[in-house]
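Below: the structure, in structure tokens.
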Amino acid sequence: MSRTILLAEDDEASRKLYRALLESEGYQVVDVGDGKAALEVLKNRSVDLLVTDVVMPGLTGIELLERARELHPELRVIVITGSRTAEIALGALRNRACDYLTKPFHLQELADTVREALSRDITGEIEVISDKPDWIELRVPCDLAAVEPIQRFMAQLHDNLPKDTREAISQVFREMLNNAIEHGGKLDRSKKVEVKYIRLKRAILYSIRDPGEGFKIGEIEHAALANPEDNPFRHMQVRQEKGLRPGGFGILLASQVVDELIYNQRHNELIFVKYIDEPPQSES
């Protein structure tokens, strides 16, 4: 049976483009031009997925998401926006959006994101413990499918930083979360990884704690950090033999691009820190 998607987008050209794409993928599409119209649709019929822009007349996408949750608590939602702000990202995360796409994006990204959202709503299993802009705390299921949407949400928190700094933080966070889920949580979705983001005036701090027993640095042959000097890619062969995903550069990458990296004694929790310039003070 064809799945039904409610598309809320105030820009007519974009709405027509998205609708044509989604219909070509075999979905039934109901499209509206503002949040209030979308809410009326949700009051009168059920849909499988809501795809909503954020900046719309009458009712914003985040307000629509909040109201939609009251009507349909399990509704799957994708947020799309041209405004890269922490407030929007936090609103989407707080209200359990499946994913978050920032304009401009390739149409294939939208198609892939819709397909993933309809096949498995991993973000519905993410617990938001704290959503203060300077202190975000999550419990994430040990499923690699959770990494990409979380990374997209978290990336919006760094939008006012220089590109090199944003990319460094994003790369390290992604690889370290992958490691925690894959090796600490053993890909067991019933287990959770604890993630904290703390924003200080001159630093960004991440803490990642997995449910595993920890490890010893000298025993992780699947990591690039353990490679001998005469064979800098030996860990790739080890990972292939063990059936692990490509990667293994997390600890090595972190040691090179963040300012501080520290593990607890068991090595199942880490903190990494990136120092930043204090934002300029506004003139009074």
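The values are calculated or read from the model by the stated rules, or taken from the named source; none is laboratory data. Only a predicted model underlies this, so the values are computations on that prediction, with no experimental measurement involved. Cβ: placed from backbone, ideal geometry, glycine included. Neighbour counts: every protein chain shown. When the accessible area is computed, the model is the full protein with side chains, heavy atoms only, and any ligands, DNA or RNA have been set aside. Shrake-Rupley method; radii C 1.70, N 1.55, O 1.52, S 1.80 Å.
Table for the structure above
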read-out	value
Length-normalised contact order for segment 75-144 - Cα pairs under 8 Å, 6+ apart - percent	30
Rounded accessible area per residue of segment 7-166, 1.4 Å, Å²	44
Segment 85-222: relative contact order as a whole-number percent, Cα under 8 Å and 6+ apart	24
Three-way shape label, segment 19-139, alpha-carbon gyration tensor, a/c 1.5	rounded
Cross-link reach list, lysines versus Lys163, counting only Cα pairs under 28 Å and skipping chain neighbours closer than eight places	Lys103, Lys132, Lys196, Lys201, Lys274
Normalised contact order of segment 1-148, rounded percent, pairs of Cα under 8 Å and 6 or more residues apart	18
Modelled FRET efficiency - R0 45 Å, Arg45 with Ser190, Cβ distances, 0.05 increments	0.85
Carbon plus sulfur fraction of accessible area for segment 1-129, probe 1.4 Å, in percent	47
Simple spin-label estimate for Gln256 and Trp135 in nanometres, 7 Å along Cα-Cβ	3.5
